[in-house]
1. Dividing the Cα convex hull volume of segment 94-143 by residue count, how many Å³ per residue is that?
2. Which number do you get for Rg(Cα) / (2.2 N^0.38 Å) in segment 1-154?
3. Please report, to one decimal in angstroms, the Kirkwood hydrodynamic radius of segment 108-171 built from all distinct Cα-Cα pairs.
4. Using only the Cα atoms of segment 1-70, what are the Rg and Dmax in Å?
5. With the dipole of the chain worked out from charges on the C-beta (+1 for Lys and Arg, -1 for Asp and Glu) around the Cα centre, which of Asn131, Ala107, Phe45 lies farthest toward the positive end?
6. Work out the length of the dipole vector of segment 1-86 about its Cα centre, built from +1 on the beta-carbon of each Lys and Arg and -1 on the beta-carbon of each Asp and Glu, and round it to the nearest 20 debye.
7. Looking only at Gly95, Gly15, Gly58, which one moves most when the chain is put into a Gaussian network model with springs between Cα atoms under 10 Å?
8. Find the centroid of the Cα atoms in segment 92-111 and in segment 40-70, then give the distance between the two in whole Å.
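Taken together, the values in this text are just the output of simple stated rules run on the coordinates, not laboratory data. Owing to the predicted nature of the structure, the values given are computational and were not obtained by experimental measurement. A quick note on method: Cβ atoms are made from the backbone with ideal geometry, for glycine too, and the neighbour counts reach across all protein chains shown.
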Amino acid sequence: MMHAEMMRQAMEIAGIKMRVHSEPLRDENKEVLRRIGLPEEAQQFFVAFSFNIDLEIGELHYDQANCFKKNLEWEDGFQRALRAGLLVIGSGSTGDPIALDIQDLQAGYLFHDYFWEQEAEDPRKFFIKMNCSLGQLFLNSVSVEEYPVDAYEAAAYMGSEFTGYEDLEDDR
């Protein structure tokens, strides 16, 4: 479940006028979503939430859906996350990518330091799933006090085994 209504509420709380920034999701980006096996409900979410700019919703960033094809062709990190079944759709307050798990449609954060520095590792090792939809993640970020807005906070909030406090130098 994607919770489109929760996403609308988050945008309203953040003072974003959807009609001002709305743009149709182009066919090549719809095709990317179909090709990666994203369920129809999730595809419709990105059709509904396609904008002409990246948006700041509270402390979180929501990327333009019309950049999926460009990111697939040009962004190594986007491609690597996608190979692991994670669709990068934005970022947290410190630059940690926000990703959607393609299999269960749950949102979470990728520790950006580990994700970028340890390219041989499975990105899921650094993925903190928030056990909620994208819509709920964005709504919680603007309505729940002290809700995580980056991977470190998410790891603590979720009681994750991987906390991100490992020394990168020791792993090389």
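1. Working: hull volume 3.4 nm³, N = 50.
About 68 Å³ per residue, rounded to a whole number.
2. Details: Rg = 14.2 Å, N = 154, 2.2 N^0.38 = 14.9 Å.
Computed over Cα atoms of segment 1-154, the ratio equals 0.95.
3. Details: mean 1/r = 0.0808 Å⁻¹.
Every distinct Cα pair counted, the radius reaches 12.4 Å.
4. 11.9, 34
5. Result: Phe45, furthest along the dipole toward the positive end.
6. For segment 1-86, the charge dipole is close to 180 debye.
7. Among Gly95, Gly15, Gly58, the largest mean-square fluctuation in the Gaussian network model of the chain belongs to Gly15.
8. Each part's Cα centre sits 13 Å from the other's.
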